[in-house]
Each structure stands twice: as structure tokens, then as C-alpha cells.
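The values are calculated or read from the model by the stated rules, or taken from the named source; none is laboratory data. A quick note: this is a predicted structure, and the numbers were derived from the prediction, not measured. Cβ: placed from backbone, ideal geometry, glycine included. Neighbour counts: every protein chain shown.
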Amino acid sequence: MSVPYETAAYEPAESPESPEEHLARLLGRALNSFELPDEVIRRLDCALAHDGCLLSAHHSAGLHRETYRHTWLLADGSPVTLWELVHNTAPGGDAQHEVYVDEEELHAATSRLPLPPEAPDFELPALTQLWAVPEPRHVFAPDDSADHARRLLRRAENPDRPGAETAALLATAAAHQITQAFGRSGRSARAGLSFALYEHAFLLPDGREISLWEVEHTATPDGRHMCEVYATEDAAREAMDRRAARRS
């Protein structure tokens, strides 16, 4: 049985792991973790966030195999990915975990697994086909979303914040999601300044999605926290750079 590409959470949402804890648990259960290059492990020491996705799963005749992609976001904005193979060597046997630094090694390891004779389609599907399936960008939740939009716009202090037309659209919002965006510029990451960028994505009743980009920073004369809201990510990042440049 094949399972299509879907997000897989190893930990319950109410007890999330830090990037360091996620890495430690992955390496702790992998039989071949000692084979990973030291350079990769050193890079992961500065991870800011992580995500795990199920790529494929096959279960047949008591044998199973799943492949996972684990990605960490580093402080410099670059990602590092490790690939996990989970399988059993005998029907009903305990799961074994292996980890690899690229998909070619994952594919080679998968090809060495025993195939059940009654399931000729047990082989790993083409990963390129799995990755071609678009990953959902937002997972919306209904939670007084219209009021959330109103409060967000009300606390924005920048004069070029989205205006009445956007506010009217968001007054009908049915659901929303808040996520933090990483990859700050060198200027905005300067010591002594605090910048954070958040995307507030809203789902409208007609199925449209609208995002507002919130910048929280301390690049103010007295060092207090300030909130600015922009209609696009580019505008928000440009504002971060402008604020940081004034304090340079």
C-alpha cells in the first residue's frame, strides 16, 4: 500500500521539539549515525528551526518501509536536509532507522531491502514525482480571524500599512495562520537590534488567501518594541533593512 506525500509530525503539537532535540533523537535512533560527516553535524549546531515530512510509505506482507525528509534552517538562512529510512527486516519485526545525507544514498539503501514476493510494487516510488506534489503552504484554523486581523492592523505604527480596502476584506476572514519567516539580512541581524518577521495568512470565505507581513523590531530611539505591517514580504524586508541602516 502506498501513502501519498503528506506532512508527518513525530511529536505531538502540544510538546514540540527544539531543533537540537529533534536532531539528537534522529541520530540516537539511527543505526548508522556514526557515518554522517562531522561537518554536517557541526553545521546543524546553529539550526534555528526544523521540519519533518513523510515522503513515502509501503506496508505489505508484514513488512513496512517509510522514508522521511528532515530539514533544518540555519542561522545564515541556508537549509540542511537529512533523509531517514525506517523499515523492518522480517514480518512483524522491530523498526530499524537509518539516516543519510542525500537522496541518492537513501535510494541505494532502499534498493537493498528485501522485497515481499506478493508485492512487486514495494519498490521506492520516484522521489522526483513525490516532490512534484505541491506542499500545502498554509494550514488554516478558525479562531476569531477577523478580530485578529483588526487588532494586527490597529497596532501597526507604520504610516504605509495596508488601508481600509484590505481591512474590509479581512473583516470577512474565516481562518488564519501565523508563521515566522527566517533569512534576515546582515544589516537587520546586527548586534544590539532585534528583528522578527511574521506572516499572517488569512483565508477568505471565497477561498482566496491574503497575507499580511508583520515586522517586530527594537530599532527605535529608546529601544522599545515596535510593530509594522506590510502587504508583501519584500516590502517588510525592505523596511527591516531601512530601520537597521538608520541605526548603523
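Per-structure values
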quantity	calculated
Residues within segment 200-229 that are in a loop (DSSP other than H, G, I, E, B) and hydroxyl-bearing (Ser, Thr, Tyr), tallied	2
Hits in segment 75-97 - residues which are in contact with a Phe, Trp or Tyr (Cβ under 9 Å, 6 or more places away or on another chain) and under 19 Å from Leu36 (Cβ atoms)	Pro79, Val80, Thr81, Leu82, Trp83, Glu84, Leu85, Val86
Meets criteria (modelled with pLDDT of 90 or more, buried (at least 16 other Cβ atoms within 10 Å of the Cβ), out of contact with any Phe, Trp or Tyr (no Cβ under 8 Å at 6 or more places or on another chain) and of a type in the set (A, V, I, L, M)) for Leu31	no
Pairs, first surrounded by 13 or more Cβ atoms within 10 Å (Cβ to Cβ) in segment 229-244, second in a helix (DSSP H, G or I) and of a type in the set (Gly, Ala, Ser), C-beta under 6 Å, six or more apart	Tyr230/Ala236
Per-region count, segment 201-211, residues modelled with pLDDT of 90 or more, aliphatic (A, V, I, L, M) and within 11 Å of Leu169 (Cβ to Cβ)	1
Any pair with Cβ under 7 angstrom, 6 or more apart, that starts in segment 149-160 at a residue that is under 11 Å from Glu216 (Cα atoms) and ends at one that is of a type in the set (A, V, I, L, M, F, W, C) and at pLDDT 95 or above	Ala156/Val229
